[in-house]
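The structure appears below as structure tokens.
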Amino acid sequence: MKPLIHFSLLLLIVGSRLQAADSVGKVTRSEDVIYGRKVGVSLTMDVFEPEKKNGAAVFYMVSGGFFSSKDAISPGSYRAFLERGYTVFAVVHGSQPKFQIPEITEDIQRAVRFVRHNASRWSVDTNRFAITGASAGGHLSLTMATQGRPGQADAKDPVDRAASTVQVAACFFPPTDFLNWGSAGDDAVGVGTLANFKPAFGTRSDTAESRKELGREISPLNFVSARTAPSLIIHGDADKLVPLYQAEIFGKKCKEAGVPFKLIVKPGAQHGWAGIEKDLVTFADWFDEHLKVGAPK
């Protein structure tokens with residue numbers, strides 16, 4: 001669990017330094033916006049609005065090892081998006097061990113629906129939603145890119161009548177297929193390389209049979225289709241926690257489905273690297289291209 005959480009802390013530290021060193025104009029931060037509730041717990045996000053908006057939204061997954069915390073929200077890390085005019089929604093989700101991956105995924109579905117339902121509140125275009133994150137946050141990003149859902153027309157809660165689809169995704173070193181981790185047949189559903197993360201998978205990781213079922217359910221690769229959002233992955237070829245193989249097989253599946261995909265490989269890089277915050281500019285370029293946004297207004 002430590003490598004992913006340490007990575008989140010690294011972004012927090014780097015982001016804070018960037019914020020102190022650079023200015024993107026006036027940014028309004030709305031803290032602890034409640035986007036949902038479950039078992040007595042409020043699900044929150046912080047919203048960052050640039051002074052000059054381009055009308056598009058970026059969902060930033062605050063997640064490391066499927067653990068999420070307000071303390072890991074890193075305002076400075078959003079500079080690349082804010083200076084382009086994107087409104088950034090830093091989403092905090094229910095954390096393991098209390099909640100497992102399928103439940104965490106539902107939190108993100110809810111967050112996107114919430115923003116789409118309230119789009120006018122932040123002046124964002126419901127057809128221009130981007131999503132990003134790293135590692136576990138990358139997994140959640142690709143989960144939404146492949147499994148965003150239409151709204152439920154007869155839902156009692158009006159938020160649930162909104163779709164949870166996103167139009168583009170970009171992320172760092174994401175898990176994409178837990179049943180084929182470093183090679184075909186390499187099971188990592190709370191075992192093997194990811195044994196330390198077993199709480200995120202829950203008791204369904206106890207047996208080979210249930211791992212196979214769960215692994216199919218939570219692996220974004222299994223849901224790639226022609227409707228998958230254009231996706232960009234940046235991954236180090238020396239990553240021992242989430243192997244480059246994960247990005248490669250996802251890219252292959254996207255190519256087969258005719259979905260725009262790009263993989264940028266960092267030679268010698270492991271699970272995070274010095275200067276990683278600069279690569280967020282590449283993400284912003286990818287979002288600009290596929291959302292067709294203009295200059296901030």
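The values are calculated or read from the model by the stated rules, or taken from the named source; none is laboratory data. Please read all numbers here as calculations on a predicted model, not as lab measurements. Cβ coordinates were reconstructed from backbone atoms using ideal geometry, including for glycine residues, and neighbour counts include every protein chain displayed.
Table for the structure above
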| item | result |
| --- | --- |
| Failed item, numbered, when Ala195 is tested on (1) aliphatic (A, V, I, L, M); (2) crowded, with 22+ Cβ neighbours inside 10 Å; (3) in a helix (DSSP H, G or I); (4) out of contact with any Cys (no Cβ under 9 Å at 6 or more places or on another chain) | (2) |
| Criterion violated by Ser77 - all others in (1) of a type in the set (Ser, Thr, Tyr); (2) modelled with pLDDT under 95; (3) closer than 20 Å to Ile34 by Cα satisfied | (3) |
| Residue list for region 88-129, filter: surrounded by fewer than 24 Cβ atoms within 10 Å (Cβ to Cβ) and in contact with an Asp or Glu (Cβ under 6 Å, 6 or more places away or on another chain) | Gly94 |
| The lone exception for Ala111 - which of (1) more than 21 Å from the chain's Cα centre (by Cα); (2) under 27 Å from Ser77 (Cα atoms) it fails | (1) |
| Enumeration of residues in region 36-51 that are in contact with a helix residue (DSSP H, G or I) (Cβ under 8 Å, 6 or more places away or on another chain) and either of a type in the set (Asp, Glu) or part of a loop (DSSP other than H, G, I, E, B) (or both) | Asp46, Glu49 |
| Some residue of region 160-178 being of a type in the set (S, T, N, Q) and more than 20 Å from the chain's Cα centre (by Cα) | no |
| Given (1) outside any loop (DSSP other than H, G, I, E, B); (2) touching a residue at least 60 places away in the same chain (Cβ under 8 Å); (3) under 22 Å from Glu289 (Cβ atoms), index of the condition Pro174 fails | (1) |
| Total residues in region 147-171, condition part of a strand (DSSP E or B) and aliphatic (A, V, I, L, M) | 3 |
| Selected residue [touching a residue at least 12 places away in the same chain (Cβ under 8 Å), surrounded by fewer than 20 Cβ atoms within 10 Å (Cβ to Cβ) and either under 24 Å from Ser183 (Cα atoms) or in contact with a Leu (Cβ under 8 Å, 6 or more places away or on another chain) (or both)] from Pro243, Pro220, Pro267 | Pro267 |
| Identity of the residue in region 1-50, of a type in the set (D, E, K, R) and at pLDDT 50 or above, that ends up surrounded by the fewest Cβ atoms within 10 Å (Cβ to Cβ) | Lys26 |
| Residue in region 100-121 that is within 25 Å of Arg216 (Cα to Cα) and part of a strand (DSSP E or B) present | no |
| Hits in region 270-280 (condition: loosely packed, with under 14 Cβ neighbours inside 10 Å and either on the phi < 0 side of the Ramachandran plot or not in a loop (DSSP other than H, G, I, E, B) (or both)) | Ala274, Lys278 |
